[in-house]
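A quick write-up on the structure given underneath.
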Amino acid sequence: MNHIKALKYILVWGAFVLLGSCSKKDDVVPPDELEGLQLTTTMSNDRHKIELYTATGKFQTGYNAVYFRIKNTDGSLVNNAAATWTPVMHMMSMMHSCPSSPVTKKEKALSTYGGYLVFQMAGSDMEYWELTLNYSIDGADYTVKDKIQVAAAPGRVVESFQGSDGKRYVMALAEPAHPRVAVNDMKAVVYRMESMMSFVPADGYRIRIDPRMPGMGNHGSPNNTDLIQGEDKMYHGKLSLTMTGYWKINLQLLDPSLGTVKGEAVTEANPGSSIYFELEF
């Protein structure tokens, strides 16, 4: 009899463990929508708190991938908002905006929104950036606005200039954010300024690159490719970095007919272009 009871106990316990294992295996663990991001700042109005995130926990000059969440007063997350944003630099004698992407849902996210902002200059105590976020939820419109701190990036990662065509442009380095000794995927954005408050993607251009190490005899590297525009409106190419140290990425912006808008080729007589990005690792 004791043997029978023991056998029943083993069978019941085994079934329990098996069911428990199946349950855990079948559970769907939601992804962490904020993985790799740090809280940068918060903005609020009387209905919502907006948390803004970046990879570094700060805004800086150049290209910034920015994500945000909208929280109700009870702390629940909003997942059905439609939003736009407007960054404005308040200077002593004028105001201007900067290039920015549309706001969309973060890939595979339920309640995280984002895009990118390209700041041409850092803020200070006297001159500062202000971010306005307009959004709608279930047909109701809301606005939140606040100052944001924009620091200077460690290197030169954004260029603002007037081209040979008389138009003003902003170019910014998006990738590699973490350069390595290899042929790196390189991404950049190019915008044309229509007015102080309006910037549009410059379509069909080409970015010619020539990476050099000024501290090492200004030597270059092989296997680089020009950046051309993809369907995402960003410019994609290959950047070869053959050793660690300081690199100057000399740039030439070419228009759709391949005429030079800005930048010069590197020669023995000309060691660097007038427009360039910097990387050091």
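The values are calculated or read from the model by the stated rules, or taken from the named source; none is laboratory data. Computed from a prediction, not measured in an experiment: that's the story for all the values here. Ideal geometry is used to build each Cβ from the backbone, glycine not excepted, and the neighbour counts take in all protein chains shown. Note: accessible area is taken over every heavy atom of the protein model, side chains too, but ligands, DNA and RNA are not part of it. Shrake-Rupley method; radii C 1.70, N 1.55, O 1.52, S 1.80 Å.
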Which residue pairs have Cβ atoms under 6 Å apart, sit 6 or more places apart or on different chains, and have a first residue in segment 268-279 that is without any contact (Cβ under 8 Å) to a residue 24 or more places away in the chain and a second that is surrounded by 15 or more Cβ atoms within 10 Å (Cβ to Cβ)? 270/264
Determine which single condition residue 33 fails, assuming it passes every other condition in (1) over 19 Å from residue 174 (Cβ atoms); (2) in contact with a Ser or Thr (Cβ under 9 Å, 6 or more places away or on another chain); (3) open to solvent by 50 Å² or more (accessible area, probe 1.4 Å). (3)
Filtering segment 217-231 for residues that are in a loop (DSSP other than H, G, I, E, B) and β-branched (Val, Ile, Thr) leaves a count of 0
Does segment 71-85 contain any residue that is at negative phi, polar (S, T, N, Q), under 17 Å from the mean Cα position of the chain (by Cα) and surrounded by fewer than 17 Cβ atoms within 10 Å (Cβ to Cβ)? yes
As an exercise: evaluate residue 102 against (1) under 14 Å from the mean Cα position of the chain (by Cα); (2) part of a strand (DSSP E or B) and give the number of the one condition it does not meet. (2)
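Would you point out which residue out of 93, 111 is in a loop (DSSP other than H, G, I, E, B), surrounded by 13 or more Cβ atoms within 10 Å (Cβ to Cβ) and of a type in the set (S, T, N, Q)? Lay out the reasoning, then the answer.
Numbers: 93 fails: surrounded by 13 or more Cβ atoms within 10 Å (Cβ to Cβ).
None of the others qualify; the one that does is 111.
Select, from 55, 65, the only residue that is on the phi < 0 side of the Ramachandran plot, open to solvent by 60 Å² or more (accessible area, probe 1.4 Å), in contact (Cβ under 8 Å) with a residue 24 or more places away in the chain and small (Gly, Ala, Ser). Explain how you work it out, then say what you get.
Working: 65 fails: open to solvent by 60 Å² or more (accessible area, probe 1.4 Å).
Testing whether each residue is on the phi < 0 side of the Ramachandran plot, open to solvent by 60 Å² or more (accessible area, probe 1.4 Å), in contact (Cβ under 8 Å) with a residue 24 or more places away in the chain and small (Gly, Ala, Ser) leaves just 55.
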So, in segment 37-52, of the ones that are more than 15 Å from the chain's Cα centre (by Cα) and exposed (fewer than 15 other Cβ atoms within 10 Å of the Cβ), which residue ends up farthest from residue 137 (Cα to Cα)? 42
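Only one residue in 120, 149, 162 is closer than 19 Å to residue 188 by Cβ, open to solvent by 20 Å² or more (accessible area, probe 1.4 Å) and more than 16 Å from the chain's Cα centre (by Cα). Which one? Can you show your working first?
On the way: 120 fails: more than 16 Å from the chain's Cα centre (by Cα); 149 fails: closer than 19 Å to residue 188 by Cβ.
Result of the check over 120, 149, 162: 162.
Any idea which residue in segment 123-142 is nearest to residue 234 (Cα to Cα), counting only those that are over 23 Å from the mean Cα position of the chain (by Cα) and either surrounded by 15 or more Cβ atoms within 10 Å (Cβ to Cβ) or touching a residue at least 24 places away in the same chain (Cβ under 8 Å) (or both)? First the steps, then the outcome.
Within segment 123-142, the first condition is being over 23 Å from the mean Cα position of the chain (by Cα), and the residues that meet it are 125-127, 136-142.
Of the ones still in play, those that are also either surrounded by 15 or more Cβ atoms within 10 Å (Cβ to Cβ) or touching a residue at least 24 places away in the same chain (Cβ under 8 Å) (or both) are 126-127, 136-138, 142.
On the way: 126: 33, 127: 29, 136: 28, 137: 30, 138: 32, 142: 30 Å.
Looking at the filtered set, the residue picked out is 136.
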So, in segment 229-281, of the ones that are open to solvent by 30 Å² or more (accessible area, probe 1.4 Å) and of a type in the set (S, T, N, Q), which residue ends up nearest to residue 163 (Cα to Cα)? 260
